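One structure below.
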Amino acid sequence: MIEISLRTQKIDKMNTKEIFDSHLVDYEQWFDKHSSVFLSEIEAVRELIPEGDTLRGIEVGLGTGRYAQALKLKEGVEPAAKMRSLALARGIDAIDAVAENLPYGDMKFDFVLMIFSIAYFNDLHLAFKEAFRVLKRNGSLLVGFIDNASKSGKIYEAGKDGSIFYSHAKFYTVNKVVEELYAVGFRHFEFRQTLFGNPSEINAVQFPKNGHGEGCFVVVKASKKNN
């Protein structure tokens, strides 16, 4: 979820869970106000999700379940209690857990999604390592995030201290994300990008392009394949 207006409200020293639970209404209203941006993000993710009726996937960092619901996922983890309750209400099996310690056995899933959540992980390397562990052989991890190297990404980085949702966020470049994915064993990377131009001016769904470097929102697909 990209916060279109970087609000100047100062954030007290709350942890990430408290911030999201305390501003749940703002979070939910964003999706209604900026549906074109949301749907553009969904299209970029959907292009890279493995196809198959029997495939099992989870989202790590469900939020209120908006992305999981749109992408027809049935389960995942979310540490913020109020957000998790809304995800449950949307029919998603939302478990109280964090990315760095997933409550699943080894090699259980065909794919794992992380959409915007990497900005709030305490340990990106450990989170990717956990995703690798729970994926089946030939499974895929899809990571959607704001590209810190993009023009719009630099704007969000510069204004995040005054933002409700981004005050605690850490933005990454595509190269950094790929480097961390490679370090835990992922290979065979694919990329999609969307949100071209100023996100606050997007009023129609944009279709994704291959690669990265132009769009503010990037999806990296990494595969757990034999090296």
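Please state which one of Phe116, Phe109 is open to solvent by 10 Å² or more (accessible area, probe 1.4 Å), touching a Gly at 6+ places or on another chain (Cβ under 9 Å) and in contact (Cβ under 8 Å) with a residue 40 or more places away in the chain. Break it down into steps so the answer makes sense when it comes.
Details: Phe109 fails: open to solvent by 10 Å² or more (accessible area, probe 1.4 Å).
Answer to the check: Phe116.
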Being free of Cβ contacts under 8 Å to residues at least 60 places away in the same chain and open to solvent by 60 Å² or more (accessible area, probe 1.4 Å), is that true of even one residue in the stretch 134-153?
no
In the stretch 198-227, anything without any contact (Cβ under 8 Å) to a residue 40 or more places away in the chain and in a loop (DSSP other than H, G, I, E, B) is listed as Gly211
Which condition from (1) among the hydroxyl-bearing types (Ser, Thr, Tyr); (2) out of contact with any strand residue (DSSP E or B) (no Cβ under 6 Å at 6 or more places or on another chain); (3) within 24 Å of Asp147 (Cα to Cα) is the one that Ser85 breaks?
(3)
Select from the stretch 171-195 the residues that are within 19 Å of Glu41 (Cα to Cα) and surrounded by fewer than 19 Cβ atoms within 10 Å (Cβ to Cβ) and write down the one among them that is modelled with the lowest pLDDT.
Thr173
Does Ala127 qualify as being hydrophobic (A, V, I, L, M, F, W, C), out of contact with any Leu (no Cβ under 7 Å at 6 or more places or on another chain) and assigned to a helix (DSSP H, G or I)?
yes
So Ile2, is it open to solvent by less than 40 Å² (accessible area, probe 1.4 Å), touching a strand residue (DSSP E or B) at 6+ places or on another chain (Cβ under 7 Å) and modelled with pLDDT under 95:
yes
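Criterion first (within 25 Å of Val177 (Cβ to Cβ), in contact with a Ser or Thr (Cβ under 8 Å, 6 or more places away or on another chain), modelled with pLDDT of 95 or more and open to solvent by less than 20 Å² (accessible area, probe 1.4 Å)) does Ala87 satisfy it?
Values: within 25 Å of Val177 (Cβ to Cβ): yes; in contact with a Ser or Thr (Cβ under 8 Å, 6 or more places away or on another chain): yes; modelled with pLDDT of 95 or more: yes; open to solvent by less than 20 Å² (accessible area, probe 1.4 Å): yes.
It is true that Ala87 is within 25 Å of Val177 (Cβ to Cβ), in contact with a Ser or Thr (Cβ under 8 Å, 6 or more places away or on another chain), modelled with pLDDT of 95 or more and open to solvent by less than 20 Å² (accessible area, probe 1.4 Å).
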Quick one: Leu141 ticks every box in (1) modelled with pLDDT of 95 or more; (2) in a loop (DSSP other than H, G, I, E, B) except a single one, so which number is it?
(2)
Within the stretch 76-83, is there a residue that is under 16 Å from the mean Cα position of the chain (by Cα), surrounded by fewer than 22 Cβ atoms within 10 Å (Cβ to Cβ), at pLDDT 95 or above and farther than 18 Å from Ala169 by Cβ?
no
Exactly one of these conditions fails for Ile202: (1) in contact with a helix residue (DSSP H, G or I) (Cβ under 7 Å, 6 or more places away or on another chain); (2) of a type in the set (Val, Ile, Thr); (3) at pLDDT 95 or above. Give me its number.
(3)
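A quick yes/no check of all residues on (1) under 16 Å from Leu142 (Cα atoms); (2) among the polar types (S, T, N, Q):
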position	(1), (2)
Ala44	yes, no
Arg56	yes, no
Gly65	no, no
Asn101	no, yes
Tyr104	no, no
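The values are calculated or read from the model by the stated rules, or taken from the named source; none is laboratory data. Bear in mind the structure is a predicted one, so any value in this text is a computation, not a measurement. Here Cβ is always computed from backbone atoms with ideal geometry, including for glycine, and neighbour counts include all displayed protein chains. The area values use the complete protein model at the heavy-atom level, side chains included, leaving out ligands, DNA and RNA. Shrake-Rupley method; radii C 1.70, N 1.55, O 1.52, S 1.80 Å.
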